[in-house]
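Every number in this text was worked out from the coordinates using simple rules, so none of it is lab data. What you see is a predicted model, and the numbers here were worked out from it, not measured in a lab. As a convention, Cβ positions derive from the backbone with ideal geometry for all residues, glycine included, and neighbour counts pool all protein chains shown.
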Amino acid sequence: MKDNRELIRLRELILPHGDAHRYRQHQRLFYEGDEPQAVYCLLSGRVRLASTSAQGREFIFGEIRPNRIIGLTCSLASTPYPYTATAMEDGDILTIPASILNTLMETRADIAALLLRTLSLEHNIATRRLKSIVFHSVEERLENYLRKQFEHRRKHARTDTIELRFSREELSAMLGTTRESVSRALTALTRRGLIRVQGKMLQCADLDLFLPPQP
């Protein structure tokens, strides 16, 4: 969905059919294993999707940003949520009951088409994430993640410095590895001259030295 335009269009179309709520930081939208009662469109803020194993190990599926839909696959398939959704900062979320969503899918071809494209987008993101974990080393995965963060920061803030919002444990959960592996990867990137680390602040030494961006 190039330039987020179709996601914005979808939000505009479904806005009259849901209820907007204010969520506070750390508030849960739903828990892993809950039966889907609704889908959610993030209007502002950030939401983290994470799952915890029986041994207590966490895996972060990702962070959802405004205009993205949460819980669409589960709602359409009537399957439990595979993760817990947590607001990472105060924000606004549009809630659309599953029954209304089903009616819209049957009666509004324009909304149905955009929702299907959203499903395709989610599938492609999940597939790329899985391929990255299977085929790339921790250092390569971290390098790709940081490259995207630096590029985004340079584009929107015109600076080559970013602040890691995650702890080492959270970053390892996002990359599908361990805290120790993340620490070793950060050290390796520093030795290669790609980044400079000062606490939670990371400075890009030379973006041209990074590997070509992965999809």
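A few comments on the model shown:
- The convex hull built on the alpha-carbon positions of the chain has an orientation-averaged projected area of 12.5 nm².
- Mean separation of Cα contacts under 8 Å (6+ apart) over length of the chain, as relative contact order %: 20
- Each Cα pair under 8 Å and six or more residues apart adds its separation to the average, and for region 166-215 the resulting relative contact order is 20 percent.
- Estimated FRET transfer efficiency (residue 51, residue 24; beta-carbon r; R0 25 Å; 0.05): 0.65
- FRET efficiency, residue 178 to residue 31 (Cβ-Cβ, R0 30 Å, nearest 0.05): 0.75
- Here the simple spin-label model places points 7 Å from the Cα toward Cβ, and for residue 140 and residue 15 these points are separated by 4.3 nm.
- Between residue 155 and residue 127, the contour length at 0.36 nm per residue exceeds the Cα-Cα span by 7.4 nm.
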